[in-house]
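These notes are about the structure you will find just below.
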Amino acid sequence: AFTAYLRAARAAGHADCTPGRFLLPGDLEGAPVVTFAPLPGAEGAGRGSLAAQMARRFEAYKREVVRPFFRAHFARIDR
C-alpha cells in the first residue's frame, strides 16, 4: 500500500518520493527489507505489533541498503 501511495505521489508530480527503492527496487524486489511503511504513533509499540515490525524493517533498510550505498558512493567526498 505504501508503494502504491509513492507511485501515486510521483504520478501527481511530486519529485521527492522516498525511499526511492520502493519505486525502483532492482535486486531488492519483494525483499522484506523494502516492505515497511511509516506508522504514526509507533513509538512505544508492543514487541510483536505491526508497528514494531515496521520499525525493525526500517532499521534493516538503513543498515542493509542505505549505509552501504552511502559508503560506496559518498563516503570519500571531501566536504
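Only the coordinates and a few stated rules stand behind these numbers; no lab work does. Not measured: the values here are computed from a predicted model.
With volume of the Cα convex hull per residue in Å³ in mind, check (1) 134; (2) 85; (3) 54 and report the label derived from this structure.
(1)
For region 2-73, what is the relative contact order in percent, using Cα pairs closer than 8 Å and at least 6 residues apart in sequence?
After rounding, I find 24 percent.
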